[in-house]
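Worksheet for the structure shown next.
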Amino acid sequence: MKWRFILLLSGLLTTSASWAQKAFIYNSLQKNGFFSISIGTSLPTGNFGKVVNCTEGSGSGMAVAGRALSISGGYRLGGPLGIMARYETVQHTIQPAALAQQYPQLAGEPVKVTASAGPRGQWQSRSVMLGPYVTVPLGRVAIDFRALAGQAWATCPETCVQGTVNMIETSFRSGNQESTAIGSSLGMTLRYRITPVVGLHMSTDYSTATFRFNNIPLEEKSGGLTNVTTYSTSRTLSMVNFSAGLTIQFRSKNRVF
């Protein structure tokens, strides 16, 4: 009986070691493809986040920290090199007090500045980009570096400035307008695989695009008179996004079992 127990114990230990070895190898295998969803914070950079006269062509977007959401997918073509696509949407609130700088005729007067509630009072941008990426595998951990470019859309915020000019109640209301441009992005992702298929990731991306907004509606009310005109301006929306999310990986690069 003793030798039978020893044989059974040896068999169990061998099987457990075999399964542990297979699990380790499966978890270490690099995958050919991935699908990710991310959410995080977007920080405006450059003129996009500065507070200067917004009526000038090089003026500021007065943007403050916003939120970003992205969906991406990619496939390794050979070795560490692959190609990926990403859809991203970003929203930034603005600093309303800076709007008064657009209207020097209100200088020295009490000024009320507001942005419309909800998305209409925010910078809204979205993009669809495509490009190569390089992955550096480190067991369960992998680091991706990418360079993307593609189509970007942006909508400027709807705002209102109210004050007095020559003791007459006056308001300036600027409306929304959408513009398109070619955008680019550089970024990196740190991925950790929890299971052979599911992983967590953290990403950092720098994105930029220059938009030309034409025929933005501007309504001026002074006393009982209303005057509607349009104006055009350029804005460079540049931002650094920090995000985290879930990654689904598929198709092992090599099959050993």
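Quick notes
- Positions within the stretch 90-118 being of a type outside the set (D, E, K, R), open to solvent by 50 Å² or more (accessible area, probe 1.4 Å) and either more than 22 Å from N47 (Cβ to Cβ) or in contact with a Lys or Arg (Cβ under 8 Å, 6 or more places away or on another chain) (or both), in sequence order: Q105, A107, G108, P110, V111, T114, A117
- Scanning the stretch 175-185 for residues that are out of contact with any Ser or Thr (no Cβ under 8 Å at 6 or more places or on another chain) and either exposed (fewer than 15 other Cβ atoms within 10 Å of the Cβ) or over 19 Å from C156 (Cα atoms) (or both) yields T180, I182.
Yes/no per residue for (1) at pLDDT 50 or above; (2) under 30 Å from M239 (Cβ atoms); (3) surrounded by 15 or more Cβ atoms within 10 Å (Cβ to Cβ); (4) among the polar types (S, T, N, Q):
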residue	(1), (2), (3), (4)
K2	yes, no, no, no
L7	no, no, no, no
S18	no, no, no, yes
N27	no, no, no, yes
Q30	yes, no, yes, yes
G57	no, yes, no, no
I71	yes, yes, no, no
G78	yes, no, no, no
A85	yes, yes, yes, no
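- One residue stands out in the stretch 36-55 among those that are part of a loop (DSSP other than H, G, I, E, B) and not aliphatic (A, V, I, L, M): the one that is modelled with the highest pLDDT, namely K50.
- When residues of the stretch 134-174 are limited to those that are charged (D, E, K, R) and in a strand (DSSP E or B), the one least open to solvent (accessible area, probe 1.4 Å): D144
- S127, sole failed condition from (1) within 30 Å of T204 (Cβ to Cβ); (2) buried (at least 17 other Cβ atoms within 10 Å of the Cβ); (3) free of Cβ contacts under 8 Å to residues at least 60 places away in the same chain: (3)
The values are calculated or read from the model by the stated rules, or taken from the named source; none is laboratory data. Not measured: the values here are computed from a predicted model. Quick reminder, even Gly has a Cβ in these numbers, built from the backbone with ideal geometry, and neighbours come from all protein chains shown. SASA here: full protein model, heavy atoms, side chains in, ligands and nucleic acids out. Shrake-Rupley method; radii C 1.70, N 1.55, O 1.52, S 1.80 Å.
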